[in-house]
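Following: one structure in structure tokens, then a few remarks.
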Amino acid sequence: MTELATGGRRLVVTGTATAALLALSAVGIFLVAPEDADQGVIQRIFYYHVAIAITSLVAFGVAAIYGIRYLRTRRPEHDMVSVVAVGLGLFFSILVILTGSIWARASWGTWWVWEDPRLVTFLIVILLYSAYFMLRSSAEGERRARYSSIFAIAAFASVPLSFYSVRVAESFVHPVVFNSTGANMPDTMLVWFVVAQVAMLGLFLTLLQIELLQRRADDALKRLKLRLEGGV
Amino acid sequence: MGSGTQYVVAAYAVILFALVMYVVLLGLKAARMARETELLARLVEREDPVEDEPGPDGEGLSPEIESAGR
Amino acid sequence: MSARPQDAARVEAPPPLGARDALRPLAALIAKDLRLELRTRQTAVGMALFALITMVLFQFTVASRVDDATPFAGGIIWATLALTAVLAVSRAWAAEREGRVLDGLLVAPVSRGALLTAKACTIFVYMLALEIVVLPLAVVFFVEGASAGDLALAFAAAVLADLGIAALGSLVASLAAFARGRELLVPALFLPALLPVVIAAGGATHAVLGGAREVAEYQGYCLFLGVYAVVFTLVSYATYEYVFDD
């Protein structure tokens, strides 16, 4: 009970901070940050696009870490964090694809480019972690948590490998170095990248907390139901 | 509004939309939970006056629940 | 420090194994799987036929569009091998499942690591046998002007890739061994995680069979395949004891 209470209080802190940072970053990105010389206004998509991408990877990393923790401690709370983190990671990944696709359309005229390693990697990531949920529905109880943890670890290990293989393959086919964020970013831009990044990480934490609270409440509710239906 | 700006706005609109839809989904889950909690509350309150099912000692939960309900 | 009685020690932990002791059950497990396969040849033949029809599929969907399919050969080969690998992974625990002997295996004094390593070795052997058939055939179907040296290099890259396939495949096979909807689950789990191998192996094969021999590309891709194999062997090593816990 007290866990849920302190959870609420923590949520207020992270939620408020996130909201403030999101607002601040929006103002900064649109009104303060200088316009990019090469790409023009379209470059402004990157602030959130990159921030969301990194946050998604952080989410999957958290899932892997809690997978390891579950395997060590066998506490269901750890599995719960893992699955929520994967869900959020997928949510953010889809956003990466959507914003990336809009950017591609703005820059290249097509809704998709295979030349952007980030876009392709996140497509792979979506396929990979969708399978995570297939795995979960194929097992039950303790085994489900165990298998999910193992797959969360293995999947996360494959993400950098996927990214590099796509990039290496692209560099052989298209020797032009595809650098979408610019080699030397002025500090006036960098600061807003950082703000956007922290805002997105805060968003992840906030949503994570909300979902965990909800799941815990759901769990308690189920236990209550069992008790009452099971008889006096 | 140049076409470039249109795309930027579209991108941020997508993010906003996704977030709000997420909130809606959370709301749906909360609604379901509220429904179930309410059902359980009614279930517990209904067990209050259990005259037709005397326990072995005749005590059962009834007295406590009655006093708690008041 | 009081000495524990011998019996209690033996009940609590198995006696320490020397290297040869550890290898013997492993060899036995692999031998069992391979002997079973040699008797029925079910999986190997099934895989070869599947690979063949897949290559025919690629011919009609991709290669027939061009006069010279050589630039596509590397990709076609590895798309074929990746899809066929799914079969090997799906079938990895089939014998134990159908014979219902898994419980017996788990109770036997064989370490979980040995079980999973044995499966990895079995998958490796299956892939090797498959490549002996597929690579020459693919060269005949799709490549113009390849030398024996090119084929040998392609084969070497394939062996490296097989290491990664075996490591990942063994892990996925164990996760899906008793799952409902295994036929859907295995490709969903296996292929996205295998993509780096497909990209790198396809690239390496293309570098030697796709026309001009690109040595730097080939080496880069092979290095990557090695890294992948190491990473997934480590992942398997870190998680193997948790796979079978029942």
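How large is the dipole of chain C about the Cα centre if only Lys and Arg carry +1 and Asp and Glu carry -1, each at its Cβ, rounded to the nearest 20 debye? Can you show the working numbers first?
Values: 17 positive and 20 negative charges, 134 e Å.
In debye, rounded to 20, chain C gives about 640.
When chain C is treated as a GNM, springs tying every alpha-carbon pair under 10 Å, which of C:Pro196, C:Pro136, C:Pro109 comes out with the largest mean-square fluctuation?
C:Pro109
What net charge is computed for the residues neighbouring C:Phe142, neighbours being all others with C-beta under 14 Å from the C-beta of C:Phe142, Lys and Arg scored +1, Asp and Glu -1?
-3
Sorted by average packing, counted as other Cβ atoms within 10 angstrom per residue and highest first, what order do C:155-162, C:188-195, C:235-242, C:68-75 take? It would help to have the intermediate numbers written out before the result.
Numbers: C:155-162: 21.8, C:188-195: 24.2, C:235-242: 18.2, C:68-75: 20.1.
In decreasing order of mean packing, C:155-162, C:188-195, C:235-242, C:68-75 become C:188-195, C:155-162, C:68-75, C:235-242.
Counting only complete DSSP H runs, which helices of chain C cover 24 Å or more along their long axis at the Cα atoms and score a mean Kyte-Doolittle of 0.5 or above? Don't jump to the answer; show the numbers that get you there.
Details: long enough: C:19-40 (32 Å, 0.07); C:42-61 (28 Å, 1.62); C:70-91 (32 Å, 1.36); C:112-142 (43 Å, 1.87); C:148-176 (39 Å, 1.80); C:182-209 (36 Å, 1.57); C:215-243 (41 Å, 0.99).
Those that pass (Cα extent of 24 Å or more, hydropathy at least 0.5) are C:42-61, C:70-91, C:112-142, C:148-176, C:182-209, C:215-243.
Can you pull out the GluC sites (Glu not before Pro) in region C:33-114 whose DSSP state is coil and whose Cβ has at most 11 other Cβ atoms within 10 Å?
none
What's the Kirkwood radius of region C:24-243 in Å, using all Cα pairs?
It works out to 17.8 Å.
Comparing the chain by itself with all protein chains present, which residues of region C:196-237 are at least 20 Å² less accessible (probe 1.4 Å)?
C:Pro196, C:Ile199, C:Glu217, C:Tyr221, C:Phe224, C:Val231, C:Phe232, C:Val235
Rounded to the nearest 500, what is the 222 nm mean residue ellipticity of the protein assembly as shown from helices alone, with -39500 (n - 2.57) per DSSP H run of 4+ residues and division by all residues?
-28500 deg cm²/dmol
Put +1 on the Cβ of each Lys and Arg and -1 on the Cβ of each Asp and Glu in the protein assembly as shown; which of A:Leu22, C:Pro196, C:Tyr237 then has its Cα farthest toward the positive end of the dipole?
C:Tyr237
Add +1 for every Lys or Arg and -1 for every Asp or Glu among the other residues with Cβ under 15 Å from the Cβ of B:Ala10, and state the total.
It works out to a net charge of +2.
If you roll a 1.4 Å probe over region C:69-162 with all protein chains in place, what percent of the accessible area is carbon or sulfur?
Here it works out to 72 percent.
Taking only Cα atoms and a 10 Å spring cutoff, compute GNM fluctuations for chain C and point out the largest among C:Leu87, C:Leu116, C:Leu57.
C:Leu57
Using a/c under 1.5 as the rounded threshold, could you call the protein assembly as shown rounded, prolate or oblate? The axes a ≥ b ≥ c are square roots of the C-alpha gyration tensor eigenvalues, and prolate needs a/b larger than b/c, oblate otherwise.
Oblate, since a/c reaches 1.5 and b/c is not below a/b.
What's the FRET efficiency of C:Ala152 with A:Glu142 using the Cβ-Cβ distance as r and R₀ = 51 Å, to the nearest 0.05?
Values: r = 49 Å, r/R0 = 0.95.
Once the sixth-power term is evaluated, E becomes 0.55.
Let me check I've understood the local charge: for C:Val172, count other residues with C-beta under 14 angstrom from its C-beta, Lys and Arg +1, Asp and Glu -1. What total comes out?
With Lys, Arg at +1 and Asp, Glu at -1, the neighbours total +2.
What residue among A:Asp116, A:Asp218, A:Asp36 has the largest mean-square fluctuation in a Gaussian network model of chain A, using Cα springs under 10 Å?
Of A:Asp116, A:Asp218, A:Asp36, the Gaussian network model singles out A:Asp218 as fluctuating most.
Quick one: grab the alpha carbon gyration tensor of chain A, order the square roots of its eigenvalues as a ≥ b ≥ c, and give me rounded if a/c is under 1.5, else prolate or oblate depending on whether a/b is larger than b/c.
Oblate is the answer for chain A, as a/c is 1.5 or above yet b/c matches or exceeds a/b.
Picking from A:Leu205, C:Thr84, A:Leu11, whose Cα lies most toward the positive end of the charge dipole for the protein assembly as shown (charges on Cβ: Lys, Arg +1; Asp, Glu -1)?
Positive-end residue among those listed: C:Thr84.
Enter the mean projected area of the convex hull around the alpha-carbon atoms of region A:61-110, in nm², rounded to one decimal. Could the numbers behind the result be given before it?
Working: hull surface 14.3 nm².
Result: a mean projected hull area of 3.6 nm².
Treating only the Cβ of Lys, Arg, Asp and Glu as charged (+1, +1, -1, -1), what charge dipole size does the protein assembly as shown show about its Cα centre? Round to the nearest 20 debye.
680
If you roll a 1.4 angstrom probe over the protein chains with everything in place, what fraction of the accessible area of region A:97-155 belongs to carbon and sulfur, to the nearest %?
That share works out to 64 percent.
Can you find, among A:Ile126, A:Gly109, A:Gly87, the residue sitting farthest towards the positive end of the charge dipole of region A:1-145, where Lys and Arg contribute +1 and Asp and Glu -1 at Cβ?
A:Gly87
Report relative contact order for region C:24-243 in percent, whole number only (criteria: Cα-Cα under 8 Å, sequence separation at least 6). Write down the numbers at each step before the final one.
Details: 255 pairs, mean separation 63.9, N = 220.
Taking the mean separation of contacting Cα pairs over the length of region C:24-243, I get 29 percent.
What average number of partner chain Cβ atoms lie no more than 10 Å from the Cβ of the residues making up B:9-22? Working shown, then result.
Working: counts 5, 7, 16, 9, 1, 7, 11, 2, 2, 7, 5, 0, 1, 6.
For this peptide, the per-residue mean of nearby foreign Cβ atoms is 6.
What relative contact order, as a whole-number percentage, does region C:62-160 give when Cα pairs under 8 Å and 6 or more residues apart are counted? Show your work: numbers first, answer last.
On the way: 37 pairs, mean separation 45.4, N = 99.
Reported relative contact order: 46 percent.
Note down the magnitude of the dipole of region C:33-133 about its Cα centre, charges +1 on Lys and Arg C-beta and -1 on Asp and Glu C-beta and zero elsewhere, to the nearest 20 debye.
320
The values are calculated or read from the model by the stated rules, or taken from the named source; none is laboratory data. Here the structure is a predicted model, which is why all the values come from computation and not from measurement. Cβ: placed from backbone, ideal geometry, glycine included. Neighbour counts: every protein chain shown. What goes into the accessible areas is simple: the full protein's heavy atoms, side chains included, and nothing from ligands, DNA or RNA. Shrake-Rupley method; radii C 1.70, N 1.55, O 1.52, S 1.80 Å.
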